[in-house]
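The values are calculated or read from the model by the stated rules, or taken from the named source; none is laboratory data. This structure is a prediction, so every number in the text was calculated from the model and none was measured. Counting neighbours? That spans all protein chains shown, and the Cβs are built from the backbone with ideal geometry, glycine included. Areas reflect the complete protein model, heavy atoms only, side chains present, ligands, DNA and RNA absent. Shrake-Rupley method; radii C 1.70, N 1.55, O 1.52, S 1.80 Å.
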Amino acid sequence: MQFQQLQYFVAVAETRHFTRAAELVHVAQPSLSQQIRALERELGADLFLRARGNITLTDAGEALLPLARRILADADTARHEVQELVQLRSGRVRLGATPSLCTGLLPDVLRSFHDRYPGIQLLIEESGSHDLVRELARGALDLALIVLPLPPASPALTTVELLREDLVVVSSPEATVPGRGRGGVKIADLEGERLVMFRHGYDLRELTVAACRSAGFEPGFVVEGGEMDAVLGFVRAGLGVAVVPRMVAARSGRGLRVTPLARPGLHRTIALAHRSDVAPPRAARELQRMLLER
């Protein structure tokens, strides 16, 4: 009994027509009929009652059909499982993340992933959430770490909340802490301060500016347009202060004073996103699992 013969048998049983079954399995009808007869000889029983324009299963065919379907299903499962394993030995994962997350969250997780799956190539796209959402939509990324809420008119994405992170104020050790209040820096204390500000498109820029405006003032920038490393460097040099994620400040604390924001403070919600209409590849799903379980 051959696997191919079972495929042909199930196709005929489901279509009740030899020609349509042959078209379904992409084989010439005489070849299909020949294989069905060979299977019947092997089993020692007719599987079909053949009448002009009417194909029905015999008792032997009825008994074989569920078994054949199970064998074919098990073969598909085996093929799928092997392919999944092969995908974890080679391939790639295209991950997008904001610069602050590349600095704070990703290094440890990516190291663990690489140690476990050294054959998987990691391609990292570093950008703001709005840009990453667009890259996900056009299929250029498998996964992305973005800041919620999603921008208006976003494509259909599946998001899983990963963490909620506090923002803090960083300044040079020689600088005076804004406000000098015992309960931390209030947003209102930033009025008149020289802020080192990220470029347009950064979620941190939009969040900070919105908080200042809600407090009734327009923030003043001494330097603007930088990426995360540049902003931290300008703060260390004493050019001004900046509002950054606590995780980034903890990793980059050398040469910086870190001061919490007074209650209620500022927070951001980080989520892991992928397209809703396309399942991420196996390696990307494994990285997703590690991020969620970190």
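Counting only residues that are part of a loop (DSSP other than H, G, I, E, B) and over 17 Å from S171 (Cβ atoms), which one in the stretch 205-227 is modelled with the lowest pLDDT?
Among those residues, the one meeting the criterion is E227.
Applying the selection to the stretch 228-278, what residues are at pLDDT below 90, in a helix (DSSP H, G or I) and farther than 25 Å from E161 by Cβ?
Residue satisfying the conditions is D229 alone.
Give me the pairs: first residue in the stretch 216-243 and under 14 Å from D203 (Cα atoms), second residue open to solvent by 40 Å² or more (accessible area, probe 1.4 Å), beta-carbon distance under 6 Å, and six or more apart or on different chains, which are they?
Correct list of pairs: G225/R199.
Please tell me if A279 is among the aliphatic types (A, V, I, L, M), free of Cβ contacts under 8 Å to residues at least 24 places away in the same chain and over 22 Å from T103 (Cβ atoms).
Here the answer is yes, as A279 does meet what is asked.
So which residues in the stretch 31-67 are open to solvent by 90 Å² or more (accessible area, probe 1.4 Å) and either part of a helix (DSSP H, G or I) or within 28 Å of R285 (Cβ to Cβ) (or both)?
Q34, R37, R41, E42, D59, E62
Give R294, R263, R285 a once-over and let me know the one that is without any contact (Cβ under 8 Å) to a residue 24 or more places away in the chain and either of a type in the set (S, T, Y) or open to solvent by 70 Å² or more (accessible area, probe 1.4 Å) (or both).
Within the list R294, R263, R285, the selection yields R285.
Search the stretch 1-23 for residues that are open to solvent by 80 Å² or more (accessible area, probe 1.4 Å) and pair each with any residue that is not in a helix (DSSP H, G or I) when their beta-carbon atoms are under 7 Å apart and the residues are at least 6 apart or on different chains.
R16/I55
Can you tell which of R20, R89, R79 is basic (K, R) and farther than 30 Å from L141 by Cα?
R20
For the stretch 238-250, name all the residues that are within 11 Å of S171 (Cβ to Cβ) and either open to solvent by 60 Å² or more (accessible area, probe 1.4 Å) or hydroxyl-bearing (S, T, Y) (or both).
L239
Only one residue in R70, R89 is more than 28 Å from R164 (Cβ to Cβ), open to solvent by 80 Å² or more (accessible area, probe 1.4 Å), assigned to a loop (DSSP other than H, G, I, E, B) and out of contact with any Phe, Trp or Tyr (no Cβ under 6 Å at 6 or more places or on another chain), so which one is that?
R89
Answer yes or no: is there a residue in the stretch 97-112 that is out of contact with any strand residue (DSSP E or B) (no Cβ under 8 Å at 6 or more places or on another chain), open to solvent by 80 Å² or more (accessible area, probe 1.4 Å) and not basic (K, R). Walk me through it before giving the result.
Filtering the stretch 97-112 for residues out of contact with any strand residue (DSSP E or B) (no Cβ under 8 Å at 6 or more places or on another chain) gives 103, 107-109, 111-112.
Adding the requirement that they be open to solvent by 80 Å² or more (accessible area, probe 1.4 Å) leaves 111.
Going one step further and asking which of them are not basic (K, R), we end up with none.
No; the residues of the stretch 97-112 include none that is out of contact with any strand residue (DSSP E or B) (no Cβ under 8 Å at 6 or more places or on another chain), open to solvent by 80 Å² or more (accessible area, probe 1.4 Å) and not basic (K, R).
Given the structure, is T208 open to solvent by 10 Å² or more (accessible area, probe 1.4 Å) and hydroxyl-bearing (S, T, Y)?
no
Please work out if L162 is closer than 25 Å to G255 by Cα, crowded, with 17+ Cβ neighbours inside 10 Å and at pLDDT 90 or above. Lay out the reasoning, then the answer.
Working: closer than 25 Å to G255 by Cα: no; crowded, with 17+ Cβ neighbours inside 10 Å: yes; at pLDDT 90 or above: yes.
It is false that L162 is closer than 25 Å to G255 by Cα, crowded, with 17+ Cβ neighbours inside 10 Å and at pLDDT 90 or above.
Please enumerate the residues belonging to the stretch 175-204 that are at pLDDT 90 or above and under 20 Å from R251 (Cα atoms). Before the answer, list the steps.
Pass one, the stretch 175-204, residues at pLDDT 90 or above: 185-198.
Hits for the stretch 175-204 are V196, M197, F198.
Restricting to the stretch 220-229, count the residues that are out of contact with any strand residue (DSSP E or B) (no Cβ under 7 Å at 6 or more places or on another chain) and open to solvent by less than 40 Å² (accessible area, probe 1.4 Å). Give the steps one after another, and end with the answer.
Kept after step one, since they are out of contact with any strand residue (DSSP E or B) (no Cβ under 7 Å at 6 or more places or on another chain), are these residues of the stretch 220-229: 225, 227-229.
Checking which are open to solvent by less than 40 Å² (accessible area, probe 1.4 Å) leaves us with 228.
Adding up the residues that qualify gives 1.
Out of all the residues in the stretch 279-294, which are basic (K, R) and at pLDDT 85 or above?
R282, R285, R289
Are any of the residues in the stretch 206-214 in contact with a Cys (Cβ under 7 Å, 6 or more places away or on another chain) and touching a residue at least 40 places away in the same chain (Cβ under 8 Å)?
There is no residue in the stretch 206-214 that is in contact with a Cys (Cβ under 7 Å, 6 or more places away or on another chain) and touching a residue at least 40 places away in the same chain (Cβ under 8 Å).
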